[in-house]
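Novice: Would you mind keeping the following structure in view while I ask a few things?
Since every read-out is calculated from the coordinates, none of them should be taken as a lab result. On a predicted model such as this, the values are computed, not experimentally measured, just so you know. A quick note on method: Cβ atoms are made from the backbone with ideal geometry, for glycine too, and the neighbour counts reach across all protein chains shown.
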Amino acid sequence: MLRALRVIRIGWLLQLKTMARSGFDVLTAIVTPITYASIAFFLYRRGGGAETLLWVSLGAAFMGLWASTLWGAGNTIQRQRSQQTLEFAIAAPTPFLVSLIGTSLASSTVGLYSLVATLVWGRLLFDVPLELEHPILFALSLPAAVLSLGLLGIVMAATLILYRYAWALANMLEYPVWLAAGLLAPIALLPGWVHPISYALAPTWGAKAVRESVLGGSPLTAIGVCLGLAAVYLAIGFVFVQNFERLARERATLALS
Amino acid sequence: MNVVEAVDLRRTYKTTTGTIRRRSLEVEAVRGVSFSIAEGELFGLLGPNGAGKTTTIKMLITLLIPTSGVARVLGHDVVKDARWVRERIGYVFGGDRGLYERLSALDNLRYFAELYGVEPKRQRARIDELLELVGLKGREKERVEGYSRGMRQRLHIARGLLHDPPVVFLDEPTIGVDPVGARELRATIASLTASGKTVLLTTHYMFEADALCDRIAVIANGVIVAQGTPQELKAGVVDGSVVEVEVFGVEERSVERVRELTGVRAVTVEDREQKQLLIVQTAPGLELTHAILSQLDGVSIGRVSSREPTLEDAYVALVTAA
């Protein structure tokens, strides 16, 4: 267990280091949330009051967080394939799932910046108020959201072990999840058949937890669901990684980029 | 005790051709390979490109599941006990990929030290020791993307030895490395068996195999065509001789005519800038120089010489006959 935690810690740290060393990655991470936030503010500022703008602003922050998780999940495996490090990481005695957790959590951590950037951007340019209803629960909801999104990233990354072109599919998931998770508009406005999908997504509960801790409400339920979903994603990730790794070794696709 | 065992290993790849009308193809990369390596032995696997060397090594290091046959490392099945095997083997692939480019050598080694479960207390000392061994001490904080091919190759070796594995697999570790760097790498490889490790080495360079390996298996078209000590393999062709003819612009039909001569065992042509070197292996007791030259009628001829066969000649004869 301690060994797994050490692998997660160094995987997280080195993934952050890798991302910080690419000007392109840094620029994308800085500009994307600001762009999302601006679009959201321009869409809502006429019709909405201060509270609506804050609600939208937190949704926009999760758009950035989700984009970062999705990009990180797809990019981690693709980069390992193109660098030909995937085989080395998989053939190490530490289960590949453990090293994936560190890299996936790093992408979600970078996504946290989008939350801060969005709130500061909204405060400075659009006069969005920034008062926290439950500061302690807000501090709890953030790691819960990062954890659940990060582990959802693992489920997606695991499919890339076997299917080289799954990143294209993963990229397509960016915008539908914004809608399904109620980041721009309440889930209640969506057709009923979308609701089960919404409730299975980490961004839905992460955004709910953060919104309720900022705007008022009882965020503990959403925080609990975030943690529960994280456990479910971890279990799915475990099954996926085990099976996809074996299939990739059977089909000889690990070395292909 | 046999540390590495391959028993009738086979591996088939499935691939497709065509864009609209797709057709599935099966390619047999390894077709019943068997060999064993004793403790402390340096065993060489030689063969041309596409012979099945890397596929065989990848099955042994658990990266590919064999289509059939059995592979064991330290008595454990590489498919059933993959994790157990992974903890006890190190592997090094040739080429300049396989490293985290944006990270330093030190970070690469720290990461793999954790992946291989090297005790945190020992990590720093072990990494220092290996950096010293492969000659990267003082350069370890630089990013790998700025490393030369030789430096990357040395870093690969350090990475493969982090957990001090008793069995090491080296797949063309000196490929593309300059002569001085390659000589240093060969010295490092030789030191591995001196420290009691069992090594499986694949290489294209015959002199390297001759200098390093206790035993060699020659693989061609997915099957092992010969196995033995370098001396035993050389003995297979030592009863003949080799005629070398420098030619300028020789055509394939002339080479074919030489190949059809009675007593000719193998013919190869090596390009040497504007000229080519025709290497003809002949059966013992025959003087074929005149017959060979007569088949090259109309071709400009330079130096002609005759010599004793080398391990490379043995290899060429085996691979050509396969």
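Novice: Contour minus end-to-end for B:GLU39 and B:VAL7, with contour as 0.36 nm per residue of separation and end-to-end as the Cα-Cα distance?
Specialist: 9.8 nm
Novice: What average count of beta carbons from other chains do you get within 10 Å of the Cβ of residues in B:114-122?
Specialist: Counting other chains' Cβ atoms within 10 Å and averaging over B:114-122 gives 5.
Novice: Compare the peptides A:230-236, B:45-51 by average per-residue count of other Cβ atoms within 10 angstrom and give them in order, highest first.
Specialist: The packing order, highest mean first, is B:45-51, A:230-236.
Novice: Now for a different question. Counting other beta carbons within 10 Å of each Cβ, put A:THR103, B:THR289 in order, fewest first.
Specialist: B:THR289, A:THR103
Novice: For chain B, what proportion of DSSP beta bridges, expressed in % and rounded to the nearest 5, is antiparallel?
Specialist: Taking every DSSP beta bridge with both residues in chain B, the antiparallel ones total about 70 percent.
Novice: Can I ask one more? Compute the angle between helix B:149-161 and the longest alpha-carbon principal axis of chain B, please, reported from 0 to 90 degrees and rounded to the nearest 10.
Specialist: The two axes meet at around 60 degrees.
Novice: Comparing A:LEU140, A:LEU169, A:LEU151, which has the greatest mean-square fluctuation in the GNM of chain A with Cα pairs linked when under 10 Å apart?
Specialist: In this elastic network of chain A, the residue with the biggest mean-square fluctuation among A:LEU140, A:LEU169, A:LEU151 is A:LEU169.
Novice: Per q in 0.09, 0.10, 0.18, 0.23 Å⁻¹, report the Debye log10 I(q)/I(0) for the range B:1-129, using one uniform scatterer on each alpha carbon and no solvent.
Specialist: Ignoring solvent entirely, the Cα scatterers give -0.37, -0.45, -1.10, -1.32.
Novice: Please identify, among B:ALA211, B:ALA220, B:ALA182, the residue showing maximal mean-square fluctuation in a Gaussian network model of chain B using a 10 angstrom Cα cutoff.
Specialist: Largest GNM mean-square fluctuation: B:ALA211.
Novice: Right, next: From the phi angles alone, apply the Karplus equation (6.51, -1.76, 1.60; θ = phi - 60°) to the range B:288-297 and give each ³J(HN,Hα) in whole Hz, x where the residue is Gly or Pro.
Specialist: Karplus-based 3J(HN,Hα) across the range B:288-297 equals 9, 4, 5, 4, 5, 5, 5, 7, 9, 4 Hz.
Novice: Still on this model: In the range B:207-262, what GluC sites (Glu not before Pro) fall in a loop by DSSP, with at most 16 other Cβ atoms inside 10 Å?
Specialist: Within the range B:207-262, the qualifying GluC sites (Glu not before Pro) (loop, at most 16 other Cβ atoms within 10 Å) are B:GLU251, B:GLU260.
Novice: How much length is gained if the chain between B:ARG149 and B:ALA283 is pulled fully straight, taking 0.36 nm per residue apart and subtracting their Cα-Cα distance, in nm to one decimal?
Specialist: The B:ARG149-B:ALA283 span can extend by a further 44.0 nm.
Novice: Projected onto the charge dipole of chain B (+1 at Lys/Arg Cβ, -1 at Asp/Glu Cβ, origin at the Cα centre), which of B:ALA217, B:LEU9, B:THR19 gives the Cα projection farthest towards the positive end?
Specialist: It is B:THR19, whose Cα lies furthest towards the positive end.
Novice: Further question: Loop-only GluC sites (Glu not before Pro) in the range B:262-322, please: DSSP not H, G, I, E or B, and at most 16 other Cβ atoms within 10 Å.
Specialist: Passing sites in the range B:262-322 are B:GLU273, B:GLU287.
Novice: A further question on this structure: Going by how many other beta carbons lie within 10 Å of each one, how would you line up A:HIS195, A:HIS134, B:HIS163, fewest first?
Specialist: A:HIS195, A:HIS134, B:HIS163
Novice: Only Cα pairs within less than 10 Å get springs; with that Gaussian network setup on chain A, which residue of A:GLN83, A:GLN242, A:GLN15 has the largest fluctuation?
Specialist: Top of the fluctuation ranking is A:GLN83.
Novice: If I take R0 = 22 Å and measure r between the Cβ atoms of B:GLN231 and B:LEU293 in this structure, what FRET efficiency does the formula 1/(1 + (r/R0)^6) give, to the nearest 0.05?
Specialist: Efficiency, rounded to the nearest 0.05: 0.10.
Novice: Residue by residue through A:88-100, how many Cβ atoms from other chains fall within 10 Å of the Cβ on average?
Specialist: Rounded to a whole number, the mean comes out at 5.
Novice: Moving to a separate point now. Sorted from fewest to most neighbouring beta carbons within 10 Å, what does the list A:GLU212, B:GLU101, A:GLU131 look like?
Specialist: Ranking A:GLU212, B:GLU101, A:GLU131 by Cβ neighbours within 10 Å, fewest first, gives A:GLU131, B:GLU101, A:GLU212.
Novice: With each label point set 7 Å from Cα along the Cα-Cβ vector, what nm distance links B:GLU119 and B:GLU252?
Specialist: Between B:GLU119 and B:GLU252, the label points sit 6.2 nm apart.
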